[in-house]
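The structure under discussion appears below in the form of structure tokens.
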There are 4 protein chains.
Amino acid sequence: MIVVIKKNQEQKQVDNLINWIKDLGLNVHLSEGENTTIVGLVGDTSKVDIDLIRTLDIVESVTRVQEPYKNANRKFHPADTIVDVAGHRFGGDNFQIIAGPCSVENEKQIIEVAEAVKKAGATLLRGGAFKPRTSPYSFQGMGVDGLKLLKKAKAETGMPIVTEIMSEEYIDDFDGVDVMQVGARNMQNFDLLKRLGKLKTPILLKRGIAATVEEWLMSAEYIMSEGNPNVILCERGIRTYETYTRNTLDLSAIPVLKERTHLPIIVDPSHALGISRFVKPMCLGSVGAGADGLIIEVHNDPAHALCDGAQSLRPEQFEDVVNCVKGMLPVVGKRMDR
Amino acid sequence: MIVVIKKNQEQKQVDNLINWIKDLGLNVHLSEGENTTIVGLVGDTSKVDIDLIRTLDIVESVTRVQEPYKNANRKFHPADTIVDVAGHRFGGDNFQIIAGPCSVENEKQIIEVAEAVKKAGATLLRGGAFKPRTSPYSFQGMGVDGLKLLKKAKAETGMPIVTEIMSEEYIDDFDGVDVMQVGARNMQNFDLLKRLGKLKTPILLKRGIAATVEEWLMSAEYIMSEGNPNVILCERGIRTYETYTRNTLDLSAIPVLKERTHLPIIVDPSHALGISRFVKPMCLGSVGAGADGLIIEVHNDPAHALCDGAQSLRPEQFEDVVNCVKGMLPVVGKRMDR
Amino acid sequence: MIVVIKKNQEQKQVDNLINWIKDLGLNVHLSEGENTTIVGLVGDTSKVDIDLIRTLDIVESVTRVQEPYKNANRKFHPADTIVDVAGHRFGGDNFQIIAGPCSVENEKQIIEVAEAVKKAGATLLRGGAFKPRTSPYSFQGMGVDGLKLLKKAKAETGMPIVTEIMSEEYIDDFDGVDVMQVGARNMQNFDLLKRLGKLKTPILLKRGIAATVEEWLMSAEYIMSEGNPNVILCERGIRTYETYTRNTLDLSAIPVLKERTHLPIIVDPSHALGISRFVKPMCLGSVGAGADGLIIEVHNDPAHALCDGAQSLRPEQFEDVVNCVKGMLPVVGKRMDR
Amino acid sequence: MIVVIKKNQEQKQVDNLINWIKDLGLNVHLSEGENTTIVGLVGDTSKVDIDLIRTLDIVESVTRVQEPYKNANRKFHPADTIVDVAGHRFGGDNFQIIAGPCSVENEKQIIEVAEAVKKAGATLLRGGAFKPRTSPYSFQGMGVDGLKLLKKAKAETGMPIVTEIMSEEYIDDFDGVDVMQVGARNMQNFDLLKRLGKLKTPILLKRGIAATVEEWLMSAEYIMSEGNPNVILCERGIRTYETYTRNTLDLSAIPVLKERTHLPIIVDPSHALGISRFVKPMCLGSVGAGADGLIIEVHNDPAHALCDGAQSLRPEQFEDVVNCVKGMLPVVGKRMDR
């Protein structure tokens, strides 16, 4: 970390800062120029509060040389992490497609969709049991009953299941769930993250709606620093001024993350865009940008014509997406595991 | 709610939509023009999923006429809500100033600051016991011990106390806390909000870092719909592209909220700006914009020179702010309760 | 356009609004419900000032049913526009790659780069003569002399040339330029747009750094309504809160634009990301998302090692990008014209 | 400027960078640590292209110690600049209120409004003759005829006039205009800025809709570096994700600018908010935050009831605002010049 001191500051103030840094167990490398004094902090600076230093009156600027995350940092773990979910591998040259309905509604629905997406090429099944909804008056999901139906679908189809956890309170009910998802709204629910860090179950960590890449990796760090190395990152769109899509899918984040972290990263175009006819191009865009997988909403109710056009694809549309994705994978050096 | 149907859609699809709306218990008012069909939804539309309708292929656009919040809505509750905290009133023509340190550190510190801010004109004491920190390696607060020290400071000075709750797990330990704060990162931690809705303790609900005014009011609605009407909103800056301050303080939100809701709204300039020398102008700006109060960080450690310039004011700086605020209150028709 | 009137408004005010609308030559379709009055505007509403209506006290909300652009609107022009640049076609199932240096520096440089990118597969040559720079102290480009060198490179290689125009003042000097580029900072320089609309030369219209898709299409409309139909849109990243790349490349804009307009759209990943090692994945992402072409910075100065790693690729890196793009094009049903 | 070099880079690459820096006429101060090499650039770094250096492969990070603006920089000009407009002073402890209609429509209108705002306390008259409109189909202003009517109003009332210039082409017609306004969309129309820099007329430079404070000051620098020191900055709202107001008024920018520059700064709440009933609170908020003045839209057509509620105030509403502003000025140590 490099701290630039403003011109003409009291030496006592500068000394106070230096002593405070030394008290944190760091070495200080001082370089005094004509117009500025530069203070280099040498050692493990991940515990230094950069915001505090930045706000000091005597400080002109602070530059972090070392990233504040360690377990998630590619510098300390150059090889790609492979997260194994019941034999399906995330990361490296593997590509996974998770698919299923927005919400679990009943046994027939979840099993039919599971069979349809499996047939079309999905490798894991998703489905919401606990639903984070902006309005208290909206359907909040089937809860524990939904989890039971997901497990039935897993037993029927052999597909591993992915579903969201919203509170530590229900953690025991998630026994048997293969991937526990943390939603965008809970990305900085630190008590929840710490609790999930004590498990070994893979965690699908969605990016917060206005989270920086660094904050996102710090949330991964909360999980990893408690002992759980199995984190899969999921880009799901960020909030911008533009309103023609629900959120702006940030595909640039993929190459950036590939450089900074060894964790696998997948993309959720269904939630980011909010409109099913835009899902296919953004799936292909994600493949091009280097993603390790996709999570896609698929529904399976031909009678339920109302849903045509919502963010969910029909199975035949989903199959078309899978086929196009497979056509692109060789160019980016990846392959699906079946 | 008004739904505009695209030109030349299949009548069957339109009928499906209309029947689905009727099944929700709403009346439908149809208006067919040459180029468009307009479907008006009459009744309680707060439970209608606007996002679902928006994504239908046959739909051109959807306009909500009725806001999706009810308890928080000024239309249904025209008079200002007054939240009474141990005799200190938030809302109406009252103005409150909450002050105290960022974190509770020890008994001496919290009691000294409490006495200093009381003397300078603060009406409530703030102090963090549970601290939400981006990094797992940063100080996470004193926790339950911090709560005990805050209660001691309350006993010594008679000031009501305001402090943040991060998880339902600790709710019993907050007995004796006068205002429970929900931080920006937990604004959409819906399980926490529902739990707080079952209390009667006033809740200080901070705006999420990228929350719209509507989402913020919907989070207030989560608390209120469970039975707790005592919600105080707190603007604390939003995330924008601009980086010269930590966040962009959105003072326009104050007159907008005053029109839409009857709940009191206060401003936290310390966290929004992140730099103490900008706190005073933004306090005065908040008064001008119509805020019902302020929450300000103050520290009291003349020896701890390191913190000069951080987001906390020294007591004498805080006193100057209080005096200037008092000078402005008559222009906006408000008064402090002592 | 649909205007929703607030409850309990004076009839005189409502009548004033209706009469004002009729004075604009529009028909009014009135629908009075119990709680709201809905005013439908029928006719050519592209000239109605929606912002003005939105701000009226009696108005609850306004919804535009018809887009405010006509020439650029796919509704009125369903087939893809093909912009022909000296035999190279933009739009439809064609894919073009424009490449060249950031700035024209001297004759040797521009001709060497031109030959290199042509050999690697580029179909048009780019190069900056007039450079919009944030700082008045930065190099502002070679100006008219740079244009002359570009034309020499065109004569030598037969490649059509693309370069930026910043002011109407120099328009005559652009004679012989095949595509005139309007930069992000000038996207709403309406006097310049009107002037370019009087030409027939194809215009490459970059998206403003915080422009909505609608504003961008309205700027295309400025050019087209003056008589020039040859507009190529160029996505180049938008400004968001995220700072790890210079801007956030908005690839979702591609499928959205494909639905709304018939104009071709290309992507500039070099400027959006600002870092050359991220250019390749974003080129492939752009292809997946459905772009009609790319504009890529390439430099050709092996001795000028300083520039390694800047936003420009070296020719051999560029060739690798071209080959990967070609591998992907069949999946999206496009092809390069050589 | 401080450049941090990545670990384990080739010495040749580092030497290339250092030689390139020296060629720019700067001294280099090298500090090699165990893990990083720090290169300090000493001298006038305002001409160094920070973006170029940042993108080099060998560079970890770059920190600018010196701001890239000089003429606008308070460090080199500690005292407040006072811009004198026909005896009305902007900056220091002066406070000015500019008022008038959005557009000049006819002689009767502009003179009536001018008289009304003068009576109510405005010190300068505004009115649009050239109007930047998103749509080519919207009214583009009266142009040169509008300028003539403004000058008549000036002659009648003695008020100095403020109006927008959109293109260098009309510069001669602005003779007699007291303050030339550069709109948000033209903040980075560098050819226009350079041209205005050759005048002595005060320039009201509005902030671009997504401009950083630094970019805004760099645009001021374009004007000042050409010889015109009379720049007044005008905050008019920035683009954020929030949609309940047209833009988000960034009042935090005021204290930040007061620290960085000596130029006066005023606020335009009418355009930022877009709704007249929010103008008053934001005027008072601006005063509290430390603004040097306001620019407010006022119309004067009691028969033209349509405009009630638009972003323009009626004269009696404007008078109320002026009186409240006057009530607040003593608290912030400012005064109006009449």
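With the requirement that a residue be outside any loop (DSSP other than H, G, I, E, B) and closer than 15 Å to D:L17 by Cα, what does segment D:46-62 give you? Residues satisfying the conditions are D:I50, D:D51, D:L52, D:I53, D:R54, D:V59, D:E60, D:S61, D:V62. Hey, could you check segment B:15-35 for residues that are assigned to a strand (DSSP E or B) and not hydroxyl-bearing (S, T, Y) and say which is least open to solvent (accessible area, probe 1.4 Å)? Out of the qualifying residues, it is B:V28. At least 1 residues being open to solvent by less than 10 Å² (accessible area, probe 1.4 Å), farther than 30 Å from C:N247 by Cα and more than 12 Å from chain A (Cβ to nearest Cβ) is the threshold, and among the helices (runs of 4 or more DSSP H) wholly inside segment B:169-283 those reaching it are B:190-196, B:253-260. Of everything listed in (1) at the interface with another protein chain (Cβ under 8 Å from one of its Cβ atoms); (2) surrounded by 15 or more Cβ atoms within 10 Å (Cβ to Cβ), the single unmet condition for D:K12 is (2). Here D:V332 clears all of (1) surrounded by fewer than 24 Cβ atoms within 10 Å (Cβ to Cβ); (2) at pLDDT 95 or above; (3) more than 9 Å from every other protein chain (Cβ to nearest Cβ) except the condition numbered (3).
Listed here are the residues, each with its yes/no results for (1) of a type outside the set (D, E, K, R); (2) modelled with pLDDT under 95.
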residue	(1), (2)
B:I238	yes, no
B:N247	yes, yes
B:D268	no, no
B:H271	yes, yes
B:V287	yes, no
B:G293	yes, no
B:C307	yes, yes
B:Q311	yes, yes
B:F318	yes, no
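Being surrounded by fewer than 19 Cβ atoms within 10 Å (Cβ to Cβ) and either touching a Lys or Arg at 6+ places or on another chain (Cβ under 8 Å) or on the phi > 0 side of the Ramachandran plot (or both) is the filter here; which residues of segment A:141-156 pass it? Listed by number, the list holds a single entry, A:G143. Residue pairs whose Cβ atoms lie under 6 Å apart, separated by 6 or more positions or on different chains, with the first residue in segment B:76-87 and touching a residue at least 12 places away in the same chain (Cβ under 8 Å) and in a loop (DSSP other than H, G, I, E, B) and the second open to solvent by 70 Å² or more (accessible area, probe 1.4 Å) and basic (K, R), are B:I82/B:R89. Only one of the listed residues (D:V65, D:V39) is outside any helix (DSSP H, G or I), of a type in the set (A, V, I, L, M) and open to solvent by 20 Å² or more (accessible area, probe 1.4 Å). That residue is D:V65.
Return yes or no: is C:T163 open to solvent by less than 20 Å² (accessible area, probe 1.4 Å) and over 30 Å from D:M224 (Cα atoms)? When the stated conditions are applied, C:T163 does not pass them. If you go through segment C:68-82 and keep only what is basic (K, R), more than 14 Å from chain D (Cβ to nearest Cβ) and open to solvent by 60 Å² or more (accessible area, probe 1.4 Å), you end up with just C:K75.
Quick check, is B:V179 aliphatic (A, V, I, L, M) and touching a Pro at 6+ places or on another chain (Cβ under 6 Å)? Here the answer is yes, as B:V179 does meet what is asked.
For segment C:155-168, the candidate set comprises residues that are among the acidic types (D, E) and either at pLDDT 95 or above or part of a loop (DSSP other than H, G, I, E, B) (or both); within that set, the residue that is farthest from C:F90 (Cα to Cα) is C:E156.
The lone criterion from (1) under 27 Å from B:D250 (Cβ atoms); (2) touching a Gly at 6+ places or on another chain (Cβ under 7 Å); (3) basic (K, R) left unmet by B:R207 is number (2).
For B:V85, the requirement of being open to solvent by less than 50 Å² (accessible area, probe 1.4 Å), more than 17 Å from B:V298 (Cα to Cα) and over 23 Å from the mean Cα position of the chain (by Cα) is not met. Checking each residue in segment A:56-66 for being out of contact with any helix residue (DSSP H, G or I) (no Cβ under 7 Å at 6 or more places or on another chain) and more than 8 Å from every other protein chain (Cβ to nearest Cβ) picks out no residue at all. Determine the pairs where a residue that is more than 13 Å from chain A (Cβ to nearest Cβ) and farther than 17 Å from C:V4 by Cα, located within segment B:26-55, has a partner that is open to solvent by less than 40 Å² (accessible area, probe 1.4 Å) and in a helix (DSSP H, G or I) with Cβ atoms under 8 Å apart, the partner being 6 or more residues away or on another chain. Sorted first by the residue in segment B:26-55, then by its partner, the pairs are B:L26/B:T45. Only one of the numbered conditions (1) touching a residue at least 40 places away in the same chain (Cβ under 8 Å); (2) outside any strand (DSSP E or B) is violated by B:I98, and that is (2). Condition first: assigned to a loop (DSSP other than H, G, I, E, B), within 14 Å of another protein chain (Cβ to nearest Cβ) and either open to solvent by less than 50 Å² (accessible area, probe 1.4 Å) or within 30 Å of C:D178 (Cβ to Cβ) (or both). Can you find one or more residues in segment C:105-121 that meet it? For segment C:105-121, residues assigned to a loop (DSSP other than H, G, I, E, B), within 14 Å of another protein chain (Cβ to nearest Cβ) and either open to solvent by less than 50 Å² (accessible area, probe 1.4 Å) or within 30 Å of C:D178 (Cβ to Cβ) (or both): present.
The values are calculated or read from the model by the stated rules, or taken from the named source; none is laboratory data. Quantities reported herein were computed from a predicted structural model and do not represent experimental measurements. Methodologically, a virtual Cβ is constructed for each residue, glycine included, from the backbone with ideal geometry; neighbour enumeration extends over all protein chains shown. For the accessible areas, the whole protein counts, side chains as well, though only heavy atoms, and no ligand, DNA or RNA atoms are used. Shrake-Rupley method; radii C 1.70, N 1.55, O 1.52, S 1.80 Å.
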